[in-house]
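The values are calculated or read from the model by the stated rules, or taken from the named source; none is laboratory data. Everything numeric in this text was worked out from a predicted model, so none of it was measured. For neighbour counting, all protein chains shown are included, and Cβ atoms are generated from backbone atoms with ideal geometry for every residue, glycine included. Keep in mind that these areas ignore ligands, DNA and RNA; they rest on the heavy atoms of the full protein, side chains included. Shrake-Rupley method; radii C 1.70, N 1.55, O 1.52, S 1.80 Å.
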Amino acid sequence: MKLGIVGLPNVGKSTLFNAMTGGGAQAANYPFCTIEPNVGVVPVPDERLKVLADMYEPDKITPAVIEFVDIAGLVKGASQGEGLGNKFLSHIREVDAIVHVVRCFEDADIVHVDKGIDPVRDADVINMELILSDLEILERRLDRAKKKLKGDKTAQSEVDLIERLQARLNEGKSPRGLDFSESDEALLAEMPLLSMKPQIFAANVSEEDIVLGEGLCEANAHFAALSAYAKESDNEIIPICAKIEAELAELDPEEAALFLEDLGIAHAGLERLVKASYSLLGLISYLTAGKPEVRAWTITRGTLAPQAAGKIHSDFERGFIRAEVVAYEDLISCGSMAVVREKGLLRSEGKEYEVKDGDVVLFRFNV
């Protein structure tokens, strides 16, 4: 699954992307230095892997990953083609969720496209362009549905849905808060609406703000205003300092840990952002552990055991017999799989079992 990193020009998108992925995206003090989207695959931080590795001493450790796309900065009028906007909006249509980077720091040396710093205004600019683009798509779709309605009365449900969506968007609000039937969901899947994509705000704050404490940047009036805006639109917000994250990316893990300790920060902002993004998509990880490899496998919450097995290999899903499962916490408290078995904590689960986050699983299957 892909997350698109969006925002106005010069808010720190490419700096964050480079720190996150080592992707080498161009980052410069002028608008539109990024034209084509940059793509990077990022490991999802998971402390459980190291603990299991200490237990099993594997040849290989493989974390779950998530894909990020650095999309060029949007400007007001993007839905009408301003600043190559139509091209950039098409890139957003290809992602599953949005990481919306908003500048919440003052720096006279870094150009802002609208001169002054106003994160709520900036966030509104981007969201309104997504809404305007969606309204244009829905208008065309409504015309086709009404023509279809003349000979097919079943098209009425599509007309009704589109008009509901238009009414919501004309209020300047995302339709994500509306209730949809199964038939509505099927129709929505055919409409690549930008405003329907899950969104998380990455508030790019100053070094001084981030060291106030993890998530405690309320002294920054810009961050406080954006927090209220995010809460109103039911979106999560993560404070992050792109400058610090870029410096951390240049250090080895031990040096980075010492640097964070000196700043009084428990976790890097990017670590929190990646975890929050992973959760935003409704993703979880189950674990496999043994001498060859300790690995986290990405699945959608609610995935059944055979489909989870299919993530490893399609043969596992086709020939699924059962899953031998132990909760990560139980395995760690026991200290070994042998003790887990002795205590009867290893469960045998069938085809209807929903795999949980942190399940340590061994699949049994017919070849």
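When the test is whether a residue is open to solvent by 60 Å² or more (accessible area, probe 1.4 Å), of a type outside the set (Asp, Glu), in contact (Cβ under 8 Å) with a residue 60 or more places away in the chain and over 27 Å from Ile98 (Cβ atoms), Lys356 passes it.
Entry remark, the stretch 19-45: residues being modelled with pLDDT of 85 or more and open to solvent by 30 Å² or more (accessible area, probe 1.4 Å) number 3 in total. Given the criteria surrounded by fewer than 17 Cβ atoms within 10 Å (Cβ to Cβ) and touching a Phe, Trp or Tyr at 6+ places or on another chain (Cβ under 7 Å), does Leu188 qualify? Taking the combined requirement at face value, the residue satisfies it.
One residue stands out among those in the stretch 1-17 that are part of a helix (DSSP H, G or I) and among the polar types (S, T, N, Q): the one that is surrounded by the most Cβ atoms within 10 Å (Cβ to Cβ), which is Ser14. The set of residues from the stretch 310-352 being part of a loop (DSSP other than H, G, I, E, B), within 26 Å of the chain's Cα centre (by Cα) and more than 22 Å from Ala53 (Cβ to Cβ) comprises just one member, His313.
If only one of Gly172, Gly151 is at positive phi and more than 20 Å from the chain's Cα centre (by Cα), which one is it? One residue alone meets the criteria, Gly172.
With the requirement that a residue be in contact (Cβ under 8 Å) with a residue 24 or more places away in the chain, of a type outside the set (Lys, Arg) and surrounded by fewer than 15 Cβ atoms within 10 Å (Cβ to Cβ), what does the stretch 333-353 give you? Answer for the stretch 333-353, where residues must be in contact (Cβ under 8 Å) with a residue 24 or more places away in the chain, of a type outside the set (Lys, Arg) and surrounded by fewer than 15 Cβ atoms within 10 Å (Cβ to Cβ): Gly335, Ser336, Ser348, Gly350, Glu352.
Number of residues in the stretch 79-113 that are within 23 Å of Glu232 (Cβ to Cβ) and modelled with pLDDT under 65: the value is 1. Within the stretch 134-183, the set of residues being outside any helix (DSSP H, G or I) and under 30 Å from Leu281 (Cα atoms) comprises Glu171, Gly172, Lys173, Ser174, Leu178, Asp179, Phe180, Ser181.
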